[in-house]
Amino acid sequence: MNKNELWKNFALNIELDSAGMFIYNGLKAFDSLDSLYNPVDIFEIAYNLSVGIERLFKIAIILIEHTETNTKELEKSLITHNTIELYNRLNKNNSLNYAPIQKEFLSILSKFYMSHRYNRFSSSSIP
């Protein structure tokens, strides 16, 4: 087995396990919600789901796009937290056909991860 086969079969399997853990934790936190009024609970859900789905999309992109000659460029292109951009990249040639509500959900997660997860560190978050 060569280096790329080891990477795709074993390292990405560990990453898949991590992605699944984030998604599971986000859904478990959502399932145990008593209300939508606790920002810490909402943060836990949004954070876990956004990281898990982002990682899952990146694994799929690697498996679909990687060749023996594009490793460095591919790795560089994955340095993003834009879930919608990753979805669009996967959808371009693979017809994922998500419904508008599903794309909106990905957009919310993307917006949260790229900007809102650090809101409380800014004094401008206080009206």
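The values are calculated or read from the model by the stated rules, or taken from the named source; none is laboratory data. All figures in this text were calculated on a predicted structure; none of them were measured in a lab. Note that we place each Cβ from the backbone using ideal geometry, even for glycine, and neighbour counts take in every protein chain shown. Please note that ligands, DNA and RNA were not included when accessible areas were found on the heavy atoms of the full protein model with its side chains. Shrake-Rupley method; radii C 1.70, N 1.55, O 1.52, S 1.80 Å.
Residues of segment 37-46 that are assigned to a helix (DSSP H, G or I) and either of a type in the set (S, T, N, Q) or open to solvent by 70 Å² or more (accessible area, probe 1.4 Å) (or both): Pro39, Val40, Glu44. Would you kindly identify the helices (runs of 4 or more DSSP H) lying entirely within segment 50-120 that contain at least 1 residues that are among the β-branched types (Val, Ile, Thr) and open to solvent by 90 Å² or more (accessible area, probe 1.4 Å)? Those helices (runs of 4 or more DSSP H) span 100-114.
Can Leu27 be described as in contact (Cβ under 8 Å) with a residue 40 or more places away in the chain and open to solvent by 40 Å² or more (accessible area, probe 1.4 Å)? No, not satisfied.
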